[in-house]
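The values are calculated or read from the model by the stated rules, or taken from the named source; none is laboratory data. Since the model is a prediction, treat every value here as computed from it, not as a measurement. All Cβ positions, glycine included, derive from the backbone under ideal geometry; neighbour counts span all protein chains shown. All accessible areas refer to the heavy atoms of the entire protein, side chains included, with ligands and DNA or RNA removed. Shrake-Rupley method; radii C 1.70, N 1.55, O 1.52, S 1.80 Å.
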Amino acid sequence: MTPRAGEAGFAGPGVRSDLRVEVEEREDGGIVVDLASKVEVYYGSAIRRQVRDQLKHLGLDNVSVTINDMGALPFTIGARVETAALRAGLLDERSPGFVPKPQRAASERGRLRRSRLYLPGNDPKYMVNAGLYGSDAVILDLEDSVHPAEKDSARLLVANAIHHLDFGPAEVMVRINQHSVGLEDLARVIPSGPDLILVPKVEDPTEVEEVDRTIARMLEELGWQRPIWIMPILESALGVERAFDIARCSDRVAALTIGLEDLTADLGVSGSAKEQATQYARTRIVNAAVAAGVQPIDSVFADVSDLEGLASWCERSRALGFEGMGCLHPRQIPIVHQAFTPSPEEIEQAQRVVAAFERARKEGLAIVSIGSKMVDAPIVQRAVKIVERARALGLSVEEGSGG
């Protein structure tokens, strides 16, 4: 019988923080590790030891492993070795590569989500320092940024990254694929403990409900009480029209967002007319999200070199009622944060409104005024939200302001 073999990962010119692994079954037993690494002098022994320990953990003691290392960190080595073993048919599909254990405190449903930085799910070099960029969330993407032939490898890399890397205070999100492929993604990434799952191209509430049931079942199997939230992405005319039903179909839905590139393609309009053509859809997303009690989050701004255009877009996005948006490059994060953070003037005015309302309430007055302007309940409600957001961001707020 021909020995079974499998390969995974990447090596060669221009490749960083990755490795190419070949795992082959041995007829005479034992583990052999053949390593070529540019960091052989410093880490060669540690890499060989990690690979041997992992293979024993996976129950493999009769394999040879050939590695061409391009400076990969342990989480990448672990993911690529397991992928190669799976592709060789040496492992059961659900074999655990690590002991499932949440690595971070649970994420709150209504936490700040001004920015979320997209990271390609099969390229480890972008993951290593992602927590240093200061985004409110990072998205490890298993969908559009991953070639179909590499979906299996990417989901293992993402699972290992979540389990082993420190993303700082950023909320850790995973964008899965659609339908059955997305459920396979969940089977791998849920045991690593992500905070939120983005479900792409949603057109019907049943798609979100299936993801919800899968998450619930896996959390029960793991014995975890930890919440994992869902953010549906609406990327078609049909999805937009069903926005409210999608937003309220599951208690796990914490936010609702829109994908403008796919939506404009579905509408049959050019990129230059994107904002005008999607104005209705974006407004409907905001209205549906607010009505359902979840956060409305805008799409990405695709031109990463046009920072002035981004700032202008963010200003209009916030004016529509969005609370944040996606980022394709770290340079976009500060601009997005500035746009979705209340200015000192806004905070000061909001504090005045709240304070005036509280004084009037204590005095039994039904009418509140600031100077010559009457203040009604919606204005007070909006002011309270600004003060609460300022507090959440750690900005200076006078004690006693806010509800």
**Fill in**
Rounded to the nearest 500, the 222 nm mean residue ellipticity computed for the chain from DSSP H runs (n ≥ 4, each -39500 (n - 2.57)) alone is -13000 deg cm²/dmol
**Message:** Taking loop as defined by DSSP and a crowding limit of 12 other beta carbons within 10 Å, which GluC sites (Glu not before Pro) in the range 7-56 fit?
**Reply:** GLU27
**Prompt:** Between LEU238 and ILE370, how many nm apart are label points set 7 Å from Cα along the C-beta direction?
**Reply:** 4.7
**Message:** Cross-link candidates for LYS385: which aspartates and glutamates have Cα within less than 16 Å, leaving aside residues fewer than 8 places away along the same chain?
**Reply:** GLU323, GLU345, GLU346, GLU348, GLU358, ASP376, GLU398, GLU399
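Which sequence of THR278, THR66 reflects their accessible areas, 1.4 Å probe, from the largest down?
Descending accessible area places them as THR66, THR278.
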**Request:** Quote the convex hull volume per residue of the chain, based on C-alpha atoms, as a whole number of Å³.
**Result:** 172
**Asked** P(r) of the range 3-58 in 10 Å steps, Cα pairs, percent per bin?
**Response** 19, 52, 26, 3
**Fill in**
the range 256-380: relative contact order from alpha carbon pairs under 8 Å, six or more residues apart, as a whole percent, is 18
**Complete:** Any lysines whose Cα falls less than 22 Å from that of LYS38, other than same-chain ones fewer than 8 residues away, would be LYS125
**Request:** Taking 7 Å along the Cα-to-C-beta vector as the label spot, tell me the ASP28-LYS56 distance in nanometres, rounded to one decimal.
**Result:** 2.2
**Asked** Can you pull the percent of Cα pairs in the range 113-229 with separation above 19 Å?
**Response** 42
**Asked** Given 0.36 nm per residue, what is the gain on full extension from SER343 to GLU358 after removing their alpha carbon distance, in nm?
**Response** 3.2 nm
**Asked** Which percent, to the nearest 5, of DSSP beta bridges fully inside the chain are antiparallel?
**Response** 30
**Request:** Normalise the Debye intensity by I(0) for the range 1-159, one equal point scatterer per Cα, no solvent, then take log10 at q = 0.12 Å⁻¹ and round to two decimals.
**Result:** -0.56
**Item:** Charged-residue dipole, Cβ positions (Lys, Arg, Asp, Glu), the chain about Cα centre, Debye nearest 20
**Value:** 1100
**Asked** Which of these, ALA88, ALA149, ALA79, has the largest mean-square fluctuation under a Gaussian network model of the chain (Cα springs below 10 Å)?
**Response** ALA149
**Asked** How much FRET efficiency would the formula 1/(1 + (r/R0)^6) give for SER396 and ARG226, where r is the Cβ-Cβ distance and R0 is 30 Å, rounded to 0.05?
**Response** 0.35
**Request:** Please arrange GLU209, GLU261, GLU220 by accessible surface area, largest first, computed with a 1.4 Å probe and ligands excluded.
**Result:** GLU220, GLU261, GLU209
**Message:** Once you keep just the Cα pairs under 8 angstrom separated by 6 or more residues, what percentage relative contact order results for the chain?
**Reply:** 11
**Item:** Summed side-chain charge close to ALA46 - residues other than ALA46 whose Cβ falls under 12 Å, Lys, Arg +1, Asp, Glu -1
**Value:** 0
**Prompt:** Which cross-chain or sequence-distant (5 or more) residues have an amide H under 5 Å from the amide H of ASP141, H modelled 1.01 Å from N in plane?
**Reply:** LEU119, GLY121, ARG175
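Tell me, in nm to one decimal, what length is gained between ARG316 and ARG4 on full extension, where the rule is 0.36 nm per residue of separation less the Cα-Cα distance?
106.6 nm
Nearest 0.05, what FRET efficiency do ARG16 and ARG213 give at R0 = 45 Å with Cβ-Cβ as r?
For ARG16 and ARG213, the calculated efficiency is 0.70.
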**Request:** Could you pull out every one of the aspartates and glutamates with an alpha carbon less than 12 Å from that of LYS201, ignoring same-chain neighbours closer than 8 positions?
**Result:** GLU143, ASP144, GLU235, GLU261, ASP262, ASP266
**Request:** Enter the per residue convex hull volume of the range 280-400, computed from alpha-carbon coordinates, in Å³ rounded to the nearest integer.
**Result:** 136
